[in-house]
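K.L.:
Quick one: the structure is below, and I'll ask about it shortly.
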Amino acid sequence: MKRTYKTKARELLIAHLENHPEQRFTAREIYDAVCDGKVLINRTTIYRNLERLCENGELMRFKEPNQDAWYYQYSAEHDHCDRHMHAQCSVCGKVFHLDNPFADDFAEKMLKEYGLAISPADTIILGSCSKCRCTKKK
Ligand SMILES: [Zn+2]
Ligand SMILES: [Zn+2]
């Protein structure tokens, strides 16, 4: 009985994220959306499921500049978000998945030059995307 209940939480969670693929949510927002005032799910269950999805690389987690809360984002087009670095526009929040050979080169060079082994899952490069740079100029 308890098991189905837990699976249900996970299903609702994934369904919600899948319906809003490129949007980011805080754990609290996800919790509110999933429960929607109707379903009663333990907050910890949701948080634990989020953690697990991140560990599996199904979900990416990042911190917004100047914010304490973690944001979660489901990526429909990218797998293994735990294995590549990400870049993010600090203006609009758009996320780029750097599953690109040059990112591996960069990681390799960091290791060689600075002795720093990058942990891809925790690395977000911040910048401003082309769209945001254009609107700024106007
Ligand atoms: Zn990714
Ligand atoms: Zn932008």
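The values are calculated or read from the model by the stated rules, or taken from the named source; none is laboratory data. Source: prediction; values computed, not measured. Here the Cβ positions follow ideal geometry from the backbone for every residue, glycine too, while neighbour counts run over all protein chains shown. When the accessible area is computed, the model is the full protein with side chains, heavy atoms only, and any ligands, DNA or RNA have been set aside. Shrake-Rupley method; radii C 1.70, N 1.55, O 1.52, S 1.80 Å.
K.L.:
Within the range 48-70, is there a residue that is modelled with pLDDT under 75 and at positive phi?
P.N.:
Yes - at least one qualifying residue is present in the range 48-70.
K.L.:
I've got another one for you. Given the conditions (1) aromatic (Phe, Trp, Tyr); (2) more than 15 Å from the chain's Cα centre (by Cα); (3) within 14 Å of ligand 1 (Cβ to nearest atom), report the number of the one that residue 31 does not fulfil.
P.N.:
That leaves (3) as the condition not met.
K.L.:
Something else: Kindly establish whether residue 131 is among the basic types (Lys, Arg) and over 28 Å from residue 11 (Cβ atoms).
P.N.:
For residue 131, the condition - among the basic types (Lys, Arg) and over 28 Å from residue 11 (Cβ atoms) - is met.
K.L.:
Based on this model, can you work out whether residue 56 counts as surrounded by fewer than 16 Cβ atoms within 10 Å (Cβ to Cβ), within 19 Å of residue 27 (Cα to Cα) and within 13 Å of ligand 1 (Cβ to nearest atom)?
P.N.:
For residue 56, the condition - surrounded by fewer than 16 Cβ atoms within 10 Å (Cβ to Cβ), within 19 Å of residue 27 (Cα to Cα) and within 13 Å of ligand 1 (Cβ to nearest atom) - is met.
K.L.:
What's the total number of residues in the range 115-131 that are more than 25 Å from residue 52 (Cβ to Cβ) and either open to solvent by 60 Å² or more (accessible area, probe 1.4 Å) or at pLDDT 95 or above (or both)?
P.N.:
The number of residues fulfilling the criteria is 6.
K.L.:
Among the residues of the range 6-44, write down those that are hydroxyl-bearing (Ser, Thr, Tyr) and in contact (Cβ under 8 Å) with a residue 40 or more places away in the chain.
P.N.:
26
K.L.:
Hey, residue 125 hits all of (1) part of a helix (DSSP H, G or I); (2) among the β-branched types (Val, Ile, Thr); (3) within 13 Å of ligand 1 (Cβ to nearest atom) but one; which does it fall short on?
P.N.:
(1) is the only condition that residue 125 fails.
K.L.:
Shifting gears a bit: Restricting attention to the range 83-119, and to residues there that are closer than 18 Å to residue 23 by Cα and part of a loop (DSSP other than H, G, I, E, B), which single residue is farthest from ligand 1 (Cβ to nearest atom)?
P.N.:
Among those residues, the one meeting the criterion is 91.
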